[in-house]
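Enquirer: Here it is, the structure, as structure tokens.
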Amino acid sequence: SRTVQLLTLLGVFAAGCGTLTESAGGSAPAPETRTRARAVAKAWDGSPAAEAWRKGYYPMADTVQLPEDAFHDEADKEAYTSQNFVLRGDLPDTPRTDGKVRWQGGGALTLPLMSAREAYGTLDRNSAPAPRLTVTGAELGETTLATSRGPATVPARLFTLEGHDTPLKRVAVQ
């Protein structure tokens, strides 16, 4: 199957890299390691875990996307990396609902939608008096995100940041 072929190829690649490792004082992968890799790949195919992986939603990129003009200065960058935000506006109160993830290659999945307050809570985890990014509002929108099944359009909370022309996007499905 395709998984077995891929893992075998990775094993061959690792074995080829073993000659580099050996020249650097390391050792090549043992034959039993390659045998074990093949056995694991074979067990993966058709397993419940593989089925869940193929049908599920697994982001392969950051679920927070910065505004186009990202950081105006070091203070903005420090505020973002330290997760220091302040809310100076209203967040919409929306009833708990579901959102739809749609893959560009076809297929969709309905998942619970995160409220604006929940999404904001994932961003603001610091209350230090240090530099902060100011959120003035939020709305529900969409963004494109790399996932285990390819690019997908996903619901996102679009947070308006004071002094920024484009929103900070936070994927809003769980």
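Enquirer: Which distance in nm do the two modelled labels at Asp62 and Thr136 give, with both placed 7 Å along the Cα-to-Cβ direction?
Expert: So the label points at Asp62 and Thr136 sit 2.3 nm apart.
Enquirer: Suppose R0 equals 30 Å; then what is the FRET efficiency for Ala75 and Thr153 from their Cβ-Cβ distance, rounded to the nearest 0.05? Before the final figure, lay out the partial values.
Expert: On the way: r = 33 Å, r/R0 = 1.10.
So the FRET efficiency works out to roughly 0.35.
Enquirer: Next up: Over the stretch 90-157, what is the mean sequence separation of C-alpha contacts under 8 Å (at least six apart), divided by residue count, expressed as relative contact order in percent? Could the numbers behind the result be given before it?
Expert: Details: 93 pairs, mean separation 26.1, N = 68.
So the answer I get is 38 percent.
Enquirer: Quick one: dipole size for the stretch 91-174, taken about the Cα centre, charges +1 on Lys/Arg Cβ and -1 on Asp/Glu Cβ, in debye to the nearest 20. Can you show the working numbers first?
Expert: Values: 10 positive and 8 negative charges, 58 e Å.
Computed charge dipole of the stretch 91-174: roughly 280 debye.
Enquirer: Now a separate question. Which percent of the accessible heavy-atom area of the stretch 95-134 goes to carbon and sulfur, probe 1.4 angstrom?
Expert: The C+S portion of the solvent-accessible surface of the stretch 95-134 is 51 percent.
Enquirer: Which residues does a label at Ala52 reach in the stretch 96-138, if reach means a backbone N under 20 Å from a point 7 Å past the Cα toward the Cβ?
Expert: 101, 108-113
Enquirer: Heavy-atom accessible area per residue, the stretch 99-174, 1.4 Å probe: how many Å²?
Expert: Working: 3420 Å² over 76 residues.
For the stretch 99-174, the per-residue accessible area is 45 Å².
Enquirer: Might you work out the accessible area of Thr110 for me, using a 1.4 Å probe with all protein chains in place, and round it to the nearest 10 Å²?
Expert: Rounded to the nearest 10, the figure is 80 Å².
Enquirer: Need the full-extension length gain, Arg117 to Ala30, defined as separation in residues times 0.36 nm minus the C-alpha distance. One decimal, nm.
Expert: Details: separation 87, 0.36 × 87 = 31.32 nm, distance 5.17 nm.
Extra length available between Arg117 and Ala30 comes to 26.1 nm.
Enquirer: Now for a separate question. Can you order the peptides 38-45, 60-67 by their average number of other Cβ atoms within 10 Å per residue, highest first? Walk me through the intermediate numbers first.
Expert: Numbers: 38-45: 13.8, 60-67: 15.5.
Highest mean packing first, the order is 60-67, 38-45.
Enquirer: For the stretch 57-174, just say rounded, prolate or oblate: build the C-alpha gyration tensor, square-root its eigenvalues into a ≥ b ≥ c, call rounded for a/c under 1.5, and beyond that prolate if a/b exceeds b/c, oblate if not. Mind dumping the intermediate values first?
Expert: Details: a/c = 2.24, a/b = 1.64, b/c = 1.37.
The shape class here is prolate.
The values are calculated or read from the model by the stated rules, or taken from the named source; none is laboratory data. What you see is a predicted model, and the numbers here were worked out from it, not measured in a lab. Note that we place each Cβ from the backbone using ideal geometry, even for glycine, and neighbour counts take in every protein chain shown. To get the accessible areas, we keep the full protein, side chains included, count just its heavy atoms, and leave off ligands, DNA and RNA. Shrake-Rupley method; radii C 1.70, N 1.55, O 1.52, S 1.80 Å.
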